[in-house]
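Colleague: What follows is a structure written as structure tokens; I'll ask about it next.
The values are calculated or read from the model by the stated rules, or taken from the named source; none is laboratory data. Quick caveat, the model's predicted, so the values are computed rather than measured. Neighbour counts run over all protein chains shown; Cβ positions are idealised from the backbone, glycine included. For the accessible areas, the whole protein counts, side chains as well, though only heavy atoms, and no ligand, DNA or RNA atoms are used. Shrake-Rupley method; radii C 1.70, N 1.55, O 1.52, S 1.80 Å.
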Amino acid sequence: MATDLAQPVLNAHDTQVLVVAAIGIALIVVMIVWLKLHAFLALTVGALFVGVGSGIPLGKVTASYENGVGGVLGYVGVLIALGAMVGKLLADSGGADKVVETLLRGRPAALPWKMALIASIIGIPMFFEIGLVLLIPVVMLAVHRSNGPAMRLGIPALAGLSVLHGFIPPHPGPLAAIAILHANVGVTLALGLLIAVPAVAIAGPLYGAVAARLVPVGAAGAGLAVTQGGGAQATSDADAKAARSPRFGAIMATLLFPLVLMLLKAGADIFLDKASPARPLLDFVGDPVFALLAAVLLAMVTFGTAVGFSPAVLGKKIGASLMPVVGVMLIVGAGGGFKQSLVDGGTGTAIAKIALAAGSATVATVTAAGIVAPLAAGLPQAQLSLVVLAVGAGSLFFSHVNDAGFWLVKEYFGLTVAQTIKTWSVMETVISVVGLALAFGLSLIL
């Protein structure tokens, strides 16, 4: 047992790869901020530098990068594309206008809180990336209509999605930590919700007001997501307007349809045994790719033919929706390539030895849970669940250039690297610190 609990020692290679990783991150920031190099190129150069500097054989450096790009785009890229299709049809049909008009009713001061609530509900079964691509058209249209700073509404939406991703099962990070630490899913879910509510409030609407002053980007500076949903592409069919607006019930049914499918899978993960005959079907229909594909097909009816678009017009709109997101997809993919260079070069192993996280919050959660598992053995169920939540909080701390979420936020909101750090990275840090503080506080009570 003494061997299991011994603190791993950094060796010369560990020190080398940590230094190389730090230089690689600094190099990316310098190329983007000072040299104004496109983020895709900067991330690619940074990834190759890290690969060579970390000692990956020269013949495998580019292969490592390519594997990372493919691994991210094979999943996140598909979700971005499907989400852009739904967003385009939602906006062009007039559905986004109707949702925003409903949100804008009542006191303007309540709008950030409404956005945080909607994001939190959507974030229960959805991964961060999926919820973001679905919320973006609504968030950005609300920004334009309210004529206020983008971060005033953007940060609450991001906080709602991120908190659920870090703390609440059935998201993969919390579920993996629960399995590793042998915690109880129900107890973790209940305590996670206790932590999630104040974390969303503090990191969302409250910090959003601060972020809006730090980065006063308005509607004019946040146009990418609107063109992604509303389309400023210049073909007449792609820009055709709907003959009539969709009904509010149809709008909500379409947007919530993938949510329901993924909730069914989430429920199966928690309540059904793996041997249950219903599991394969629920796993299939609740997979994010299938759920969003089904949402696109439904949107082609509710936001398409039902509002007067012909099949030919729908085809043009679907095609136009993909053009604005090509750059986003390449940048996110390059971020995955950079992260893979860190992993294959040994940076992940070195970082695990000093109990820090790099890249994916889910990977960080799994790594940290494995480190603390021997220390948590024998704790009561409530305390085990709080360890799971503390690990989840730590995994969110200061997301930066090696995280795909960082680049998604940067590109969708039209921010610079520095602005993304001031808003997204600091928001993630606020969530992390609040989550850790609340987990510690609950551990003194339970």
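Colleague: Given the criterion closer than 29 Å to S385 by Cβ and modelled with pLDDT under 95, identify the matching residue among L224, L194. Before you say what the answer is, go through the steps one by one.
Modeller: On the way: L224 fails: closer than 29 Å to S385 by Cβ.
Result of the check over L224, L194: L194.
Colleague: Quick check: anything in region 268-282 surrounded by 13 or more Cβ atoms within 10 Å (Cβ to Cβ) and in a loop (DSSP other than H, G, I, E, B)?
Modeller: yes
Colleague: Could you tell me which numbered condition V430 fails, if it satisfies all but one of (1) farther than 18 Å from I195 by Cα; (2) of a type outside the set (S, T, N, Q); (3) in contact with a Phe, Trp or Tyr (Cβ under 7 Å, 6 or more places away or on another chain); (4) open to solvent by 10 Å² or more (accessible area, probe 1.4 Å)?
Modeller: Evaluating V430 over (1) farther than 18 Å from I195 by Cα; (2) of a type outside the set (S, T, N, Q); (3) in contact with a Phe, Trp or Tyr (Cβ under 7 Å, 6 or more places away or on another chain); (4) open to solvent by 10 Å² or more (accessible area, probe 1.4 Å) leaves (1) as the failure.
Colleague: A further question on this structure: For region 237-250, state whether one or more residues are small (G, A, S), at pLDDT below 75 and either open to solvent by less than 40 Å² (accessible area, probe 1.4 Å) or outside any helix (DSSP H, G or I) (or both).
Modeller: Residues of region 237-250 that are small (G, A, S), as a first pass: 238, 240, 242-243, 245, 249-250.
From what's left, at pLDDT below 75: 238.
Checking the rest, the ones that are also either open to solvent by less than 40 Å² (accessible area, probe 1.4 Å) or outside any helix (DSSP H, G or I) (or both) come to 238.
There is at least one residue in region 237-250 that is small (G, A, S), at pLDDT below 75 and either open to solvent by less than 40 Å² (accessible area, probe 1.4 Å) or outside any helix (DSSP H, G or I) (or both).
Colleague: Evaluate region 37-47: report whether one residue or more is open to solvent by less than 40 Å² (accessible area, probe 1.4 Å) and either over 22 Å from the mean Cα position of the chain (by Cα) or closer than 30 Å to K241 by Cβ (or both).
Modeller: Quick first cut of region 37-47, residues open to solvent by less than 40 Å² (accessible area, probe 1.4 Å) only: 39, 42-44, 46-47.
The next check asks that each one be either over 22 Å from the mean Cα position of the chain (by Cα) or closer than 30 Å to K241 by Cβ (or both); those that pass are 46.
Within region 37-47, one or more residues are open to solvent by less than 40 Å² (accessible area, probe 1.4 Å) and either over 22 Å from the mean Cα position of the chain (by Cα) or closer than 30 Å to K241 by Cβ (or both).
Each row is one residue, and each column tells you yes or no for (1) within 27 Å of A203 (Cα to Cα); (2) open to solvent by 10 Å² or more (accessible area, probe 1.4 Å).
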position: Y75; (1), (2): no, yes
position: V78; (1), (2): no, yes
position: L89; (1), (2): no, no
position: W113; (1), (2): yes, yes
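Colleague: Another question, then. Going by the structure shown, is I56 more than 30 Å from G192 (Cβ to Cβ), touching a residue at least 12 places away in the same chain (Cβ under 8 Å) and in a loop (DSSP other than H, G, I, E, B)? Working first, answer last.
Modeller: Details: more than 30 Å from G192 (Cβ to Cβ): yes; touching a residue at least 12 places away in the same chain (Cβ under 8 Å): yes; in a loop (DSSP other than H, G, I, E, B): yes.
Answer is yes for this residue.
Colleague: Report, by residue number, each residue of region 433-446 that is touching a residue at least 60 places away in the same chain (Cβ under 8 Å) and crowded, with 19+ Cβ neighbours inside 10 Å.
Modeller: Scanning region 433-446 gives V434, G435, L438, A439.
Colleague: Given the structure, is L132 open to solvent by less than 10 Å² (accessible area, probe 1.4 Å), at pLDDT 85 or above and not basic (K, R)? I'd like the intermediate steps shown before the answer.
Modeller: Working: open to solvent by less than 10 Å² (accessible area, probe 1.4 Å): yes; at pLDDT 85 or above: no; not basic (K, R): yes.
For L132, the condition - open to solvent by less than 10 Å² (accessible area, probe 1.4 Å), at pLDDT 85 or above and not basic (K, R) - is not met.
Colleague: Oh, and also: Could you check region 48-71 and list, in sequence order, the residues that are among the hydrophobic types (A, V, I, L, M, F, W, C) and open to solvent by 70 Å² or more (accessible area, probe 1.4 Å)? Step through it out loud before you land on a result.
Modeller: Restricting attention to region 48-71, the residues satisfying the condition of being among the hydrophobic types (A, V, I, L, M, F, W, C) are 48-50, 52, 56, 58, 61, 63, 69.
Answer for region 48-71, where residues must be among the hydrophobic types (A, V, I, L, M, F, W, C) and open to solvent by 70 Å² or more (accessible area, probe 1.4 Å): F49, V52, L58.
Colleague: So, L82, is that one in a helix (DSSP H, G or I) and either buried (at least 22 other Cβ atoms within 10 Å of the Cβ) or out of contact with any helix residue (DSSP H, G or I) (no Cβ under 9 Å at 6 or more places or on another chain) (or both) or not?
Modeller: Working: in a helix (DSSP H, G or I): yes; either buried (at least 22 other Cβ atoms within 10 Å of the Cβ) or out of contact with any helix residue (DSSP H, G or I) (no Cβ under 9 Å at 6 or more places or on another chain) (or both): yes.
Yes, satisfied.
Colleague: Also: Restricting attention to region 403-414, which residues are open to solvent by 10 Å² or more (accessible area, probe 1.4 Å) and on the phi < 0 side of the Ramachandran plot? Spell out how you get there, then give the answer.
Modeller: Taking region 403-414 as the starting set, the residues that turn out to be open to solvent by 10 Å² or more (accessible area, probe 1.4 Å) are 403-404, 410-411, 414.
Once the filter is applied, which keeps residues that are open to solvent by 10 Å² or more (accessible area, probe 1.4 Å) and on the phi < 0 side of the Ramachandran plot, region 403-414 yields D403, A404, K410, E411.
Colleague: Among the candidates L153, L181, which residue alone is surrounded by 24 or more Cβ atoms within 10 Å (Cβ to Cβ) and either under 15 Å from A201 (Cα atoms) or of a type outside the set (F, W, Y) (or both)?
Modeller: Values: L181 fails: surrounded by 24 or more Cβ atoms within 10 Å (Cβ to Cβ).
When all the criteria are applied, what remains is L153.
Colleague: Could you check P169 against (1) out of contact with any Leu (no Cβ under 6 Å at 6 or more places or on another chain); (2) outside any helix (DSSP H, G or I); (3) in contact (Cβ under 8 Å) with a residue 60 or more places away in the chain and say which number it fails?
Modeller: The failed condition is (1).
Colleague: Return the residue satisfying two criteria in turn: it lies in region 48-70 and is more than 25 Å from L35 (Cα to Cα) and of a type in the set (A, V, I, L, M), and of such residues it is nearest to the chain's Cα centre (by Cα).
Modeller: Residue satisfying both the conditions and the ranking: A63.
Colleague: Pairs under 8 Å by beta carbon, first residue farther than 25 Å from G148 by Cα and touching a residue at least 60 places away in the same chain (Cβ under 8 Å) in region 191-209, partner among the polar types (S, T, N, Q) and open to solvent by less than 50 Å² (accessible area, probe 1.4 Å), six or more apart or different chains?
Modeller: Close Cβ pairs (under 8 Å, with a partner that is among the polar types (S, T, N, Q) and open to solvent by less than 50 Å² (accessible area, probe 1.4 Å)) amount to L191/S385; G192/S385; A196/S120.
Colleague: Could you check how many residues of region 310-330 are surrounded by 19 or more Cβ atoms within 10 Å (Cβ to Cβ) and modelled with pLDDT of 90 or more? Break it down into steps so the answer makes sense when it comes.
Modeller: Looking only at region 310-330, we keep the residues that are surrounded by 19 or more Cβ atoms within 10 Å (Cβ to Cβ), and these are 313-314, 316-318, 320-321, 324-325, 328-330.
Subsequent filtering for residues that are modelled with pLDDT of 90 or more retains 313-314, 316-318.
Count: 5.
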